[in-house]
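This report refers to the structure that appears directly beneath it.
The values are calculated or read from the model by the stated rules, or taken from the named source; none is laboratory data. Since the structure is predicted, the reported quantities are computational estimates derived from the model, not experimental observations. Using ideal geometry, Cβ is built from the backbone for each residue, glycine included, and neighbour counts are taken over all protein chains shown.
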Amino acid sequence: MTIANQVAAPPHVEEHAAPRAPFIAEHFEGAEHQFESGKLGMWIFLVTEILFFSGMFCAYAVYRSQHPEIFSYASQFLDSTMGGINTVVLICSSLTAAWSVRCAQLGQRKGLILTLALTILGAFGFLGIKYVEYSHKFHDGLLPGKYYHVQSEAVADVGLDASIPAATEGESHEAAPEPAHDSGHAPVEGPEPANVKIFFGIYFAMTGVHGLHVIIGIGVYVWLLVRAIKGHFRPDYYGPVDFTALYWHLVDLIWIFLFPLLYLIH
């Protein structure tokens, strides 16, 4: 008998791997790896969003530096009260978004559902107010490009004489009329400059793109709400709630910059 035959074969040892949680994708090592990777991806996405909006902010800075009289004059036609209310609405929705993350971390299902619903409600409130503002602009002819034509109602709202026509391109009025009444807007400090349509082109571009981001946020939050109702989130899995809240904070931050730049520049 050889020595090889005398050595007993080692017993077969079966290694049982720990079961993977159903929410962990196959290409991640675990829940922590998945969460950190997802958060890094979200921050990269937010950086691209900041770069995207930075282009519009640069366009705003260039046009305002070249035509400050246009921005000072045209901002009178924006309702700063409604813009301020929208700012408060977005800030409150950002608070509920952060609160929803905390509820998900603590496993508070009812609190998570409530805060997600409140965030969606705030987003719809913002869009509702913006719809009212847009409706007034369309009705009064405060539109970009060749569609700009101020109606008499809009002129009266800021205390201008409706009998004085708007200046055409390359022309300006010689004297500024006195305000007819206090409408909540700043009084007119000079004649209507040419190319006021530039301001409204920038206004609709910046607020329109921001509004599109709000609509996208509503869609994502509705998806989160459906999942929260089904009980998909728990203390060791709340990444989607956290990532979406980061996106919503950016949407809120962008508006905080847009509000004073567009509504309060006069």
For the range 103-124, indicate whether the set of residues that are modelled with pLDDT of 90 or more, surrounded by fewer than 17 Cβ atoms within 10 Å (Cβ to Cβ) and within 17 Å of the chain's Cα centre (by Cα) is non-empty.
-> yes
Residue among Ile218, Ile198, Ile164, Ile202 that alone is at pLDDT below 85 and assigned to a helix (DSSP H, G or I) = Ile198
So which residues in the range 225-266 are free of Cβ contacts under 8 Å to residues at least 40 places away in the same chain and within 14 Å of His213 (Cα to Cα), if there are any at all?
-> Leu253
